[in-house]
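For reference, the structure is listed below as structure tokens.
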Amino acid sequence: MMPSAMLTLLFAAAVAGDVPRPEYPRPQFVRDQWQNLNGTWTCELETDKAEPTDHRDTKGLSQPITVPFCPESRLSGIGHTGFIPRIWYHRVLEIPAEWTERILLHFGGVAYHCDCFIDSLLDAGREVSSVSAPQANGVSLSLEVPDPKPWSPESPHLYDLRQGIELAQAAGFNGARLHQKVFEPRFHSWADRLGYLTWSEAASWGCGAAKPEGRDNFLREWRKIVERDRNYPSIIAWTPWNEVWATDNEAQIARTLRDTCALTRALDPTRPVHTSSGGAHVATDIWSVHCYDQTAAGLTAVIKAGEDATLAKVQRAHAEAVPRVGLPLFVGEFGGIKWHTPDSGAPPENWGYGDAPKNKEEFLRRLDDLVNAVLAVPGCAGYCYTQLTDVEQEVNGIYTYDRREKFDMPRIRAAFSREPGHQ
């Protein structure tokens, strides 16, 4: 059986007769009366039309889709991986008779812009409903807690997409860069409960750091991300941008990074701001390097220098770049060793970094060498290995796309649990 089919069938078996992700979507703000709208909707993909078709009076669209999964995902029942300029969704809602006050219709995420029709009527530009409460902006509040139990990874006590976290911990990882994606609150809640450290990020690719409008659009959304997630103790750093390499319009890029750093510090002064993982370090609390050299000597040289040729060029281009002196050094990406699993269903041409090892033993020896090289560099504060699982076009995961083990996991765990050889 192909893994993609296996993944879908396992999921279907897990949620048969129920809605997927049945938990309350915002674990820190649970209402007593609420209705989960996950489950089967109908939809219409408009992939090649300049103007939208009017579906407001539909009684059901052309194909079913399982919400909350996006149409690109096979778990949605569609698996369309091309661009989708526009998509219509439809379902009938049954409102409980005892809900006699105002009703808030909330979407946890939409494809950037949403027009909502209720009984065929558009309510664009106005709230369908709202709730309000007194608010004090910028005012610190103190709460006295008798016999407090502080949160830590070893004791993730809380005053009251688990599988991925448990797989990572089984492989020896104590946390993750949530790379180029805004994770849902349920994930952060599980990270809190399981003691899993995360670096919160944004989908910044293509946002246009070199243009004022790109910066402004990004900062509006980044503000909402930080405000939504800053109360999760498992988040230990903010990483709004990834690999801002560009050397064109350096002044605008520098302003974008400075403004992003300043906004993040203002919204949350309690955590370090890692403004760009890799790329230009104009304003940051952490200096990071990305290096996929497959030899210990090559990786060591880049880490000790704190930059490779690309980063050095970027730093020289930015006259206002922050100096590295005094900043903790973090290896933000390394490894990425290619290993294709024949029964995974992934095409053999899917890629990883460097030449693929000839066998699993060679893979594990190379992994040991690279991890040891990172741990041996004095002053290196941590690392992030690429990556936990295979993805659509890459086969450099510790697990396959459908979360099966690829290697001897005790040896994998031993490599990633190893303590550094310096203080």
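Miscellaneous remarks
- By DSSP, the beta bridges lying fully in the stretch 163-416 are antiparallel in about 5 percent of cases.
- When each of the peptides 270-276, 89-95 is scored by how many other beta carbons lie within 10 Å of its residues on average, the order from highest to lowest is 270-276, 89-95.
- Extension gain (nm, one decimal) between ARG418 and ALA381, 0.36 nm per residue minus Cα-Cα: 12.0 nm
- Ellipticity estimate at 222 nm from DSSP helix runs (n ≥ 4, -39,500 (n - 2.57)) divided over the chain, nearest 500: -8000 deg cm²/dmol
- Furthest towards positive pole of dipole, LEU178, PHE69, ALA346, structure part the chain, Cβ charges: LEU178
- Within the stretch 276-295, backbone nitrogen closer than 12 Å to the virtual label 7 Å beyond the Cα of ARG324 toward Cβ: 281, 287-290
- For a modelled paramagnetic label at ALA246, 7 Å from Cα along Cα-to-Cβ, the residues of the stretch 174-216 in reach, with backbone nitrogen under 14 Å, are 204-216.
- In the set (i) -0.46, -0.58, -0.82, -1.17; (ii) -0.54, -0.67, -0.92, -1.27; (iii) -0.40, -0.53, -0.84, -1.41, the label that goes with log10 I(q)/I(0) by the Debye sum over Cα atoms at q = 0.07, 0.08, 0.10, 0.13 Å⁻¹ computed for this structure is (iii).
- The stretch 253-293 versus the stretch 155-199: alpha-carbon centroid distance in Å: 22 Å
- With the convex hull of the Cα atoms taken as the outline of the stretch 295-380, the averaged projected area works out to 7.3 nm².
- The stretch 360-423 versus the stretch 73-124: alpha-carbon centroid distance in Å: 41 Å
- Packing-based ranking, highest mean first, of 112-118, 34-40, 187-193, 171-177 given that Cβ atoms within 10 Å are counted: 187-193, 171-177, 34-40, 112-118
- Two-site FRET efficiency, LEU93 against ARG228, from Cβ-Cβ distance with R₀ of 30 Å, rounded to 0.05: 0.75
- Magnitude of the charge dipole for the chain, about its Cα centre and with charges confined to Cβ atoms of Lys, Arg (+1) and Asp, Glu (-1), is about 700 debye.
- Lys pairs, the stretch 163-416 - Cα-Cα below 16 angstrom, 8 or more residues apart or on other chains: 6
- Taking the Cα centre of the stretch 266-418 as origin and assigning +1 to Lys and Arg Cβ atoms and -1 to Asp and Glu Cβ atoms, the resulting dipole is close to 400 debye.
Coordinate-derived values only; no laboratory data. The structure presented is a predicted model; accordingly, all values stated were derived computationally and were not measured. Cβ coordinates were reconstructed from backbone atoms using ideal geometry, including for glycine residues, and neighbour counts include every protein chain displayed.
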